[in-house]
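Enquirer: My questions will all concern the structure given below.
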Amino acid sequence: MSGPWTEWDHVLKIDPDKTLVDGETFEDVCETGTDAIAVGGTTGMTEEKMERVIDATGKYDVPVYIEPSHSEAVVHSDALAGYLVPIVFNAGDVAWITGAHKEWARLDDDIDWARTWTEAYIVMNPDATVAEYTSADCDLDADEVAAYAEVAEQMFGQEIVYVEYSGRLGDPEKVAAAHDELDDATLFYGGGIHDYDSAHRMASNADVIVVGDLVHDEGVDAVRETVEGAHDAHE
Ligand code: 1GP
């Protein structure tokens, strides 16, 4: 069975280590029209910070997922729609392919496998924290990005492939190359989306766009524009 993300256009990623814009609430955030909220970040993650955001967002209509960067950041809660676990396909350090996952499975006896899915990340911005952490090889041509996407779907059965430029807008040609290569898997794109136009452009090359920093830096009106951009691109 395919997951709900096949129906999504837009995901809003909330970093529990960052604050909302002054005067805005998690209710405002949940009412931006985004299809899903993913809670996660690369650094500074604790169970307590995770819980605070899940409690604040989990009571509205939009589904909330945890995207854990490591096992200590996993919170079990009925308010969650599920867990989206990153696997970094171009990581130089295998801890980010299976190592951290092995530790999670070893230490956590309560993993809710029926609500746990993986995301095949291709990390593309060498300046992003996630690239540093994972020692990712970001120096990839469009055909290499496409090949990673193909391997993820065809050899590893991944239902979500995620081209990640976190912090800056990506190369649409490389995103499109991954998109074109996929048969049924859903392509997520994230990085640097900050307005209607950038959302529209990247959504034209992907199935789902992920918006992160914007909600912390500019706020919910700006996020709403990106939702519109994604919808219009997929009309
Ligand atoms: C980060 O892909 C997301 O994991 C979104 O990136 O913060 O640059 O929007 P931004």
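Enquirer: If the only charges are +1 at each Lys and Arg Cβ and -1 at each Asp and Glu Cβ, what is the size of the charge dipole of the chain around the Cα centre, to the nearest 20 debye?
Expert: 480
Enquirer: For His194, list long-range residues whose amide hydrogen, built 1.01 Å from N in the peptide plane, is under 5 Å from its own amide hydrogen.
Expert: For His194, whose amide H was placed from the backbone, the distant partners under 5 Å are Ala199.
Enquirer: I've got another one for you. Find how many whole Å separate the alpha carbon centroid of the stretch 1-58 from the alpha carbon centroid of the stretch 121-145.
Expert: Centre-to-centre (Cα) distance: 24 Å.
Enquirer: Across the chain, how large is the tail of the calculated P(r) beyond 30 Å, expressed as a percent of all Cα pairs?
Expert: Taking all Cα-Cα pairs of the chain, the fraction more than 30 Å apart is 17 percent.
Enquirer: Scan around Ala136 for amide H atoms under 5 Å from its own, H built in the peptide plane at 1.01 Å from N, and keep only partners 5 or more places away or cross-chain.
Expert: Gly92
Enquirer: While we're on this one: Explain nothing, just compute: Karplus ³J(HN,Hα) = 6.51 cos²θ - 1.76 cosθ + 1.60, θ = phi - 60°, for every residue of the stretch 17-28 in order, whole Hz, x for Gly and Pro.
Expert: For the stretch 17-28, the Karplus-derived couplings read 8, 10, 9, 7, 5, 3, x, 9, 10, 5, 5, 4 Hz, x marking Gly and Pro.
Enquirer: If you don't mind, another one. Return the sequence-ordered ³J(HN,Hα) values of the stretch 114-131 in whole Hz as given by the Karplus equation 6.51 cos²θ - 1.76 cosθ + 1.60 applied to θ = phi - 60°, using x for Gly and Pro.
Expert: Each residue's phi maps through the Karplus curve to give 5, 10, 10, 10, 10, 10, 8, 7, 10, 8, 10, 9, x, 8, 7, 4, 4, 5 Hz.
Enquirer: Per residue of the stretch 30-43, what does 6.51 cos²θ - 1.76 cosθ + 1.60 with θ = phi - 60° give for ³J(HN,Hα)? Whole Hz please, x for Gly and Pro, Karplus curve as stated.
Expert: Values, residue by residue: 6, 9, 7, x, 5, 7, 7, 10, 10, 10, x, x, 8, 10 Hz.
Enquirer: Based on DSSP H runs of at least 4 residues, each adding -39500 (n - 2.57), what is the mean residue ellipticity at 222 nm of the chain after dividing by all its residues, to the nearest 500 deg cm²/dmol?
Expert: -9000 deg cm²/dmol
Enquirer: Go through Ala136, Ala149, Ala177 and say which Cα lies farthest out towards the positive end of the charge dipole of the stretch 132-183; charges sit on Cβ, +1 for Lys and Arg, -1 for Asp and Glu.
Expert: Farthest towards the positive end: Ala136.
Enquirer: A further question follows. Averaged over every viewing direction, what's the projected area of the C-alpha convex hull for the stretch 86-203? Give it in nm², one decimal, please.
Expert: With every direction weighted equally, the projected area is 7.8 nm².
Enquirer: Can you tell me the accessible area per residue over the stretch 1-62, all protein chains present, probe 1.4 angstrom, in square angstrom?
Expert: Value returned for the stretch 1-62: 49 Å² of accessible area per residue.
Enquirer: When Rg is the radius of gyration of the Cα atoms in the stretch 20-157 and Rh is its Kirkwood radius, what does Rg/Rh come to?
Expert: 0.99
Enquirer: Relative contact order for the stretch 4-233 using alpha-carbon pairs under 8 Å, separation at least 6, rounded to a whole percent?
Expert: It comes to 21 percent, rounded to a whole number.
Enquirer: Please list the non-local residues whose amide H lies under 5 Å from the amide H of Ile160, H modeled 1.01 Å from N, same-chain partners needing a gap of 5 or more.
Expert: Under 5 Å from the amide H of Ile160: Ala120, Thr186.
The values are calculated or read from the model by the stated rules, or taken from the named source; none is laboratory data. Just so it is clear, the structure is predicted and the values come from calculations on it, not from any experiment. Using ideal geometry, Cβ is built from the backbone for each residue, glycine included, and neighbour counts are taken over all protein chains shown. Note: areas computed on protein heavy atoms with side chains; ligands, DNA, RNA excluded. Shrake-Rupley method; radii C 1.70, N 1.55, O 1.52, S 1.80 Å.
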